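*Asks:* The structure is given below, and queries will be raised subsequently.
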Amino acid sequence: MELTFFLIRFSVDQGNTIQTCSLVENIAGATSSVHAERIYTEPTTTQTHFLLLTSFADINGKSSYSLFGFNFTTYFTRQCVGIEYPDKPASDYETFNPSGPSDSCILGLDVTYIRRKAGTACFVPQTEQVITQQRICNCSMADYVW
C-alpha cells in the first residue's frame with residue numbers, strides 16, 4: 001500500500017494567515033489531486049470539531065473517498081464574549097457590512113452582521129450569523145447578471 005501525503009491549508013483568522021496541515025492516507029493508486037467534497041459539523045457543538053469528506057480518482061478513474069476529522073480546540077481555547085456590544089475594545093466581535101460593486105446594497109438589501117474579530121482566538125458558540133440591521137434599498141444594474 002502506498003502512503004500519500006495531502007496538504008490542507010486553512011485559516012483561523014479570516015485569511016490573514018494560512019496554516020498548513022499534512023494528512024497521510026493509505027491510498028493505492030491515487031492519480032489525481034484530492035478534492036474537498038463536504039464539511040460536516042455537529043450542530044450541538046461549538047464548531048471546533050468537524051469532518052472533511054475528500055474524493056480523488058484512482059488509476060482506473062474510479063472515485064474514492066476519505067473522511068478526516070479535525071479538532072480546533074487548541075486554536076480556540078475560550079468562548080468569545082461581548083456579542084451584545086460589538087466594535088467595543090472588550091468585545092471579541094465586530095459589525096460587518098458586505099459591499100457590492102458600488103455600495104453596501106446587494107440585491108435590494110443592506111445588511112449588517114456581527115462576526116468574530118479576525119485577530120481573536122476564541123470560538124463562537126452560536127451556529128448562525130447574527131443580523132443586527134437590515135434595510136431595503138434600491139437595486140442597481142450591477143445586481144443583475146447579463
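The values are calculated or read from the model by the stated rules, or taken from the named source; none is laboratory data. Here the structure is a predicted model, which means the values were calculated and not measured. When we count neighbours, we look across all protein chains shown, and the Cβ atoms used for this are built from the backbone with ideal geometry, even at glycine.
*Asks:* So, in region 67-99, how many residues would count as being buried (at least 16 other Cβ atoms within 10 Å of the Cβ) and at pLDDT below 80?
*Replies:* 1
*Asks:* Considering only residues that are part of a strand (DSSP E or B) and of a type in the set (Phe, Trp, Tyr), which ones fall in region 42-97? Working first, answer last.
*Replies:* At the first step, the residues of region 42-97 found to be part of a strand (DSSP E or B) are 49-58, 63-71, 79, 93-96.
Across region 42-97, the qualifying residues are Phe50, Phe56, Tyr65, Phe68, Phe70, Tyr93, Phe96.
*Asks:* Condition check: at pLDDT below 80 and touching a strand residue (DSSP E or B) at 6+ places or on another chain (Cβ under 8 Å). Does Phe56 satisfy that? Full working, then the answer.
*Replies:* Values: at pLDDT below 80: yes; touching a strand residue (DSSP E or B) at 6+ places or on another chain (Cβ under 8 Å): yes.
For Phe56, the condition - at pLDDT below 80 and touching a strand residue (DSSP E or B) at 6+ places or on another chain (Cβ under 8 Å) - is met.
*Asks:* Being over 30 Å from Cys139 (Cβ atoms), touching a strand residue (DSSP E or B) at 6+ places or on another chain (Cβ under 7 Å) and not charged (D, E, K, R) is the requirement here; does Ile83 meet it? Reasoning before the result, please.
*Replies:* Values: over 30 Å from Cys139 (Cβ atoms): yes; touching a strand residue (DSSP E or B) at 6+ places or on another chain (Cβ under 7 Å): yes; not charged (D, E, K, R): yes.
Judged against the criteria, Ile83 is a match.
*Asks:* Checking the structure you have, find out if any residue of region 129-138 is modelled with pLDDT under 75 and among the hydroxyl-bearing types (Ser, Thr, Tyr).
*Replies:* Within region 129-138 (the criterion being modelled with pLDDT under 75 and among the hydroxyl-bearing types (Ser, Thr, Tyr)), the answer is no, since none of the residues qualifies.
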